[in-house]
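Right, one structure below, let's go through it.
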Amino acid sequence: MGVYERELRKVSIEKTLPLIFAVVCCLLLSVSGLAQPSTKTEADQKRSVKGRVLTSTYLPPIRVRFDKKFKYIGSQKFILYDRAQVEQHFFVDADDQKLIKRMYMVQFEGYLPNVDAVYDYPAAKTVDLGGLTYIVNTETISNVPAALSQDPKSDVARAGSFLAGKGYRISDSIMYQRFVRLLDEAKRNEFILLYIENAGAVATSENEKALQDFSSRSLRGFTILK
């Protein structure tokens, strides 16, 4: 190879190397960009509690602050009836013997991908919370032990077991108000905010005044933050 040819090849390589380097960098950035969204999505999908504020970044993205009288005692996850993924968080107001006087349970629930089903609730009564519509229903349970033992695999029974594991007790008679929001058009995911109170011998769902007072108390204990 002559001197001229060697110099020509040297110039050609010097011109080509930057181009090759640029192409490789673009490919690496492209691959990184493709991988990044899924990693970021997984990292962003989380729920946590700091102080008395529960923060969820997905299904739904929401922040809920509870009154200072309610203590956060933890959360649990489980598969319900082999059909739905459930995550529960508990905020309780209890006496010195850990008998629960009032409680909020927040439940995130969604059907598993292989389950062909939807959530279907009659919207007889609704309320606006944080600018969104929630379905509301109120009930009295006069025999809590019987209700919990009726179906040990239910989400309610799972909640009772969690509370018992933390040393807390539920009264034999309670009232609850449930706020439910369906999170997608397919109606496969739901968000539940459940308020429970020791009913005692006074408040019943047939007593209209007691029911109104109870509903007012259920709304005062939390705030949906922007």
Completion exercise
Per the filter on region 132-170, residues assigned to a loop (DSSP other than H, G, I, E, B) and either under 17 Å from the mean Cα position of the chain (by Cα) or closer than 19 Å to residue 72 by Cα (or both) are 166, 167, 168, 170
Problem - residue 42 being at pLDDT below 95 and either over 9 Å from the mean Cα position of the chain (by Cα) or outside any helix (DSSP H, G or I) (or both) - result: yes
Fill in the blank from the handout: In region 165-202, residues that are hydrophobic (A, V, I, L, M, F, W, C) and over 18 Å from residue 108 (Cα atoms) total 6
Completion exercise
Note on region 95-119: residues part of a loop (DSSP other than H, G, I, E, B), under 18 Å from residue 60 (Cα atoms) and in contact (Cβ under 8 Å) with a residue 24 or more places away in the chain are 112, 118, 119
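The values are calculated or read from the model by the stated rules, or taken from the named source; none is laboratory data. The structure presented is a predicted model; accordingly, all values stated were derived computationally and were not measured. As a convention, Cβ positions derive from the backbone with ideal geometry for all residues, glycine included, and neighbour counts pool all protein chains shown.
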